[in-house]
Amino acid sequence: MSHLPRSLAFSGPLRGAASGGLGYDPPWTSPQAGFRAGFDPTPWSPGFPAAWPAPRPRRSPDPHGRFGGWRAAAKRGTDLVLAALLLGLLALPMAAIALWIRADSPGPALFRQRRIGRGGQSFQVLKFRTMHAHATAPGTCPQARRGDPRVTRAGARLRRWSIDEWPQLVNVLRGEMSLVGPRPHAPGTCAGGRPFEQVAANYAARHRVRPGLTGLAQVRGWRGETETEEKLRRRIESDLEYIARWSLRLDLWILLRTVPALLRPTNAW
């Protein structure tokens with residue numbers, strides 16, 4: 001194979017017009033593979049013979065990196081089992097909380113809000129209502145602040161311990177969320193007066209995976225109001241680190257770290 005002309009060598013993906021739009025990477029497209037196969041790994045030049053046999057495409061290309069294939073099935077299975085168990089254990093306390101909310105202030109016990117999920121698709125997140133009904137103008141979603149007058153007496157206690165997030169276990173069962181992942185944000189939320197997507201160019205990368213009930217950023221203390229752009233950047237850094245490092249072991253570690261983080265709440269109001 002070493003006698004092949006340089007015009008047949010590849011160092012990058014075979015895509016687009018050269019590949020007929022097949023959209024896969026032949027096995028010789030990396031320099032390392034080129035050396036093993038005897039190719040000179042130099043950039044491809046237009047000399048590709050029409051009779052060259054087409055390589056077999058990879059099975060089920062994984063556009064989500066670590067979150068594809070069997071890993072995706074393992075993470076989803078873990079979510080389903082744990083979410084179902086937690087909902088069973090918390091059913092009675094959640095019913096009591098719903099009654100408490102209704103007695104504390106007029107309005108429904110549950111609150112639904114549009115959030116951005118995997119692939120940038122929106123969904124309705126479920127929470128216990130912690131603010132007075134109709135306290136926020138339609139089409140707006142200002143973040144809660146310390147001493148926010150919109151928060152009810154019951155809501156202040158629920159928010160402090162993040163109990164208002166418990167109904168999102170239903171979102172997990174629906175497949176809209178995961179137990180662990182970047183927290184879902186509401187469209188148009190701002191940091192330092194600028195929309196999140198304008199603050200960080202890589203903001204959309206966190207939408208490659210399902211949002212979570214808890215995440216690496218939260219156990220590191222990056223939760224609550226993002227009144228400065230720096231706070232948002234630190235949160236996004238943790239979100240992207242989680243995506244790059246993900247494993248079931250990391251998910252378990254984050255879940256275990258969430259317990260003491262909730263017992264010592266910071267930036268929660």
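The values are calculated or read from the model by the stated rules, or taken from the named source; none is laboratory data. Every value quoted in this text rests on a predicted model; they were computed, and no experiment measured them. A quick note on method: Cβ atoms are made from the backbone with ideal geometry, for glycine too, and the neighbour counts reach across all protein chains shown.
Observations on the model:
- Test for R223: is it exposed (fewer than 15 other Cβ atoms within 10 Å of the Cβ) and not hydroxyl-bearing (S, T, Y): no
Residues checked against (1) assigned to a loop (DSSP other than H, G, I, E, B); (2) without any contact (Cβ under 8 Å) to a residue 40 or more places away in the chain; (3) under 20 Å from A191 (Cα atoms):
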site: L213; (1), (2), (3): no, no, no
site: L232; (1), (2), (3): no, no, yes
site: S238; (1), (2), (3): no, yes, yes
site: Y242; (1), (2), (3): no, no, no
site: D251; (1), (2), (3): no, no, no
site: L255; (1), (2), (3): no, no, no
site: V259; (1), (2), (3): no, yes, no
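- Options L252, L248, L262; residue that is surrounded by 15 or more Cβ atoms within 10 Å (Cβ to Cβ) and of a type outside the set (V, I, T): L262
- Any hit, the range 164-174, residues being at pLDDT 90 or above, under 22 Å from the mean Cα position of the chain (by Cα) and part of a loop (DSSP other than H, G, I, E, B): yes
- Sole residue being touching a Gly at 6+ places or on another chain (Cβ under 9 Å) and more than 26 Å from P167 (Cβ to Cβ), chosen from E241, E227, E237, E197: E227
- When each of G188, G155, G139 is tested for being buried (at least 22 other Cβ atoms within 10 Å of the Cβ) and modelled with pLDDT under 95, the lone residue that passes is G155.
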